[in-house]
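What follows is a short report on a single structure.
The values are calculated or read from the model by the stated rules, or taken from the named source; none is laboratory data. For clarity, every value in this text was computed on a predicted model and none was experimentally measured. No Cβ is skipped: glycine too gets one built from the backbone with ideal geometry, and neighbour counts run over all protein chains shown.
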Amino acid sequence: MEVVVGSYDNKVYAWHHDGSTVKGWPRTTGDGVVSSPVLGDIDGDGDLEIVVGSWDDKVYAWHHDGSIVEGWPKTTGRSIWSSPALGDMDKDGDIEVFICSYDGKVYAWHHNGSTVKGWPKTTDSDIYSSYYSPALGDIDGSGDIEIVVGSDDKVYAWHHDGSNVTRWPKKTGDYVPSPALGDIDGDGDIEVVVGSYDKVYVWDCSGIYNLNNIEWGTFHHDVMRTGLYEPKPSGGFWLSVYPTSGTLEPGNQTNITVTFNTTGIPPGEYHVNITITSNDPDENLLSIPVKLRVTIPQPGSIQYAVDAASPGDTIIVKDGTYTENVYVNKRLTIISENGSANCTVQAAERSEDVFHIAADYVNISGFTIRRAY
């Protein structure tokens, strides 16, 4: 885990978990940075990029190694205090970047830095919209992503093409900070929530509350303020929790079942936080991080052969060195072709078994086993 932060000294810093500086960092901007950096794979290269605004009127995007992303930075009309929001607004598989500027406009760019058609959009305030960050979600049930922004004494909502959402903006009694999207009344629909300087406002919307319908639900993405955008699996939810609510007496325990489903999920690493809350306002949130790595075994790998085999089969592995963690969940015999001197299996993940056996009557022999380095 790394930490990324902007500073008044015109720099964006990145440190490893042990406090050592990430290679290629810090990066220099043309002025101070109060915008909070966000992370996401905006160019689809498999690595996270860092996106942030600066007082020099620009929005920057760097690769994880500190090199600038092609097509960036982008220039707005005035300085930027707002923090970016990332999301696939047009559902083309690429990420768009949204941010507010001190010029009173909300900007949107594709991952390559080109301006999204229909943007920027103008608010009634050239000051207060610049402080706050957009939220992205399908608030009207159209199947498309809407962009919700607080400003002066209004909350604006636009479709992904820049057209106004019907019956928006909404009027408040004072200045409005960053909005949040969620189902606060449990009716299955999305609500838009903002805390104005005078009151807390909630609008009930017609969009169905579903995490697949929310790209960036609040300031810095989520309630943990991770600032991390990750694409939704195309096959639907990859994790479910049961039960989702209940009553527990002090000192008692209960079991929670967490189910993983990788059906239709593209290869990659997926992260989520399971958050447990209490009705007692004095109790802290309990957040449990969960990581799922999805891989597709390649032809020629041991795992590929295991997945293709039927219970009771014998798999003969050809000579060579294989770097993988093999999951065996059926009755199989797995042997090397010419003995352990000629066949080595080295763990791909240091924290996992080379052969993880989850079935009875599994026979594995004739391999040299090595841990990951």
Practice task
Find the residue count for the stretch 1-10, including only residues that are surrounded by fewer than 12 Cβ atoms within 10 Å (Cβ to Cβ) and under 21 Å from the mean Cα position of the chain (by Cα).
Solution key: 1
Practice task
Consider HIS110 carefully, then state whether it is touching an Asp or Glu at 6+ places or on another chain (Cβ under 7 Å), at pLDDT 95 or above and in the same structural domain as ASP183 (by TED's automatic domain parsing).
Solution key: yes
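Just checking, does the stretch 11-20 include any residue being loosely packed, with under 15 Cβ neighbours inside 10 Å, free of Cβ contacts under 8 Å to residues at least 24 places away in the same chain and on the phi > 0 side of the Ramachandran plot?
Yes, the conditions are met somewhere in the stretch 11-20.
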Problem - Among residues of the stretch 299-331, those that are assigned to a loop (DSSP other than H, G, I, E, B) and in contact with a Cys (Cβ under 8 Å, 6 or more places away or on another chain), counted - result: 2
Practice task
Check off (1) at pLDDT 75 or above; (2) loosely packed, with under 15 Cβ neighbours inside 10 Å; (3) not assigned by TED's automatic domain parsing to the domain that holds THR166 for GLU269 and give me the number that stays unchecked.
Solution key: (1)
Handout entry: Qualifying positions in the stretch 14-33 - among the acidic types (Asp, Glu) and farther than 23 Å from TRP55 by Cα
Key = ASP18
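Answer yes or no as to whether ILE334 is assigned to a strand (DSSP E or B) and either touching a residue at least 24 places away in the same chain (Cβ under 8 Å) or closer than 23 Å to PHE260 by Cα (or both). Break it down stepwise before answering.
Values: assigned to a strand (DSSP E or B): yes; either touching a residue at least 24 places away in the same chain (Cβ under 8 Å) or closer than 23 Å to PHE260 by Cα (or both): yes.
In short, yes.
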Practice task
Pick out the one residue from GLY44, GLY71 that is assigned to a loop (DSSP other than H, G, I, E, B) and under 16 Å from the mean Cα position of the chain (by Cα).
Solution key: GLY44
Exercise for the section: Test each condition in (1) more than 20 Å from ARG78 (Cα to Cα); (2) buried (at least 22 other Cβ atoms within 10 Å of the Cβ) for VAL97 and report the one that comes out false. Expected result: (1)
Problem - Residue match in the stretch 115-124 (condition: under 23 Å from the mean Cα position of the chain (by Cα), assigned by TED's automatic domain parsing to the domain that holds SER178, assigned to a loop (DSSP other than H, G, I, E, B) and without any contact (Cβ under 8 Å) to a residue 12 or more places away in the chain) - result: no
Exercise for the section: Please specify each residue of the stretch 14-35 satisfying the condition of being within 24 Å of the chain's Cα centre (by Cα) and within 21 Å of SER133 (Cα to Cα). Expected result: VAL33, VAL34, SER35
Problem - strands (runs of 3 or more DSSP E) completely within the stretch 175-252 that count 1 or more residues being modelled with pLDDT of 80 or more - result: 180-182, 189-195, 200-208, 214-216
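Among the residues of the stretch 82-94 satisfying the criterion of being assigned to a loop (DSSP other than H, G, I, E, B) and surrounded by 23 or more Cβ atoms within 10 Å (Cβ to Cβ), which is modelled with the lowest pLDDT?
Let us first name the residues in the stretch 82-94 that are assigned to a loop (DSSP other than H, G, I, E, B), namely 82-84, 88-94.
Among the residues that remain, those that are also surrounded by 23 or more Cβ atoms within 10 Å (Cβ to Cβ) are: 82-84, 89.
Numbers: SER82: 93, SER83: 95, PRO84: 97, MET89: 89.
Restricting to residues being assigned to a loop (DSSP other than H, G, I, E, B) and surrounded by 23 or more Cβ atoms within 10 Å (Cβ to Cβ), the top hit is MET89.
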Exercise for the section: Could you please find all residues in the stretch 1-17 being part of a loop (DSSP other than H, G, I, E, B) and closer than 17 Å to HIS64 by Cβ? Expected result: MET1, HIS17
Problem - Of residues in the stretch 151-172 being under 23 Å from the mean Cα position of the chain (by Cα) and assigned to a strand (DSSP E or B), the one surrounded by the most Cβ atoms within 10 Å (Cβ to Cβ) - result: ALA157
Completion exercise
Across the stretch 306-317, the tally of residues that are modelled with pLDDT of 90 or more and over 17 Å from GLU349 (Cβ atoms) stands at 2
Problem - In the stretch 118-150, the residues that are surrounded by fewer than 17 Cβ atoms within 10 Å (Cβ to Cβ) and modelled with pLDDT of 95 or more - result: GLY118
Problem - Of residues in the stretch 56-77 being closer than 15 Å to GLY40 by Cα and either in contact with a Ser or Thr (Cβ under 9 Å, 6 or more places away or on another chain) or in contact (Cβ under 8 Å) with a residue 60 or more places away in the chain (or both), the one surrounded by the most Cβ atoms within 10 Å (Cβ to Cβ) - result: TYR60
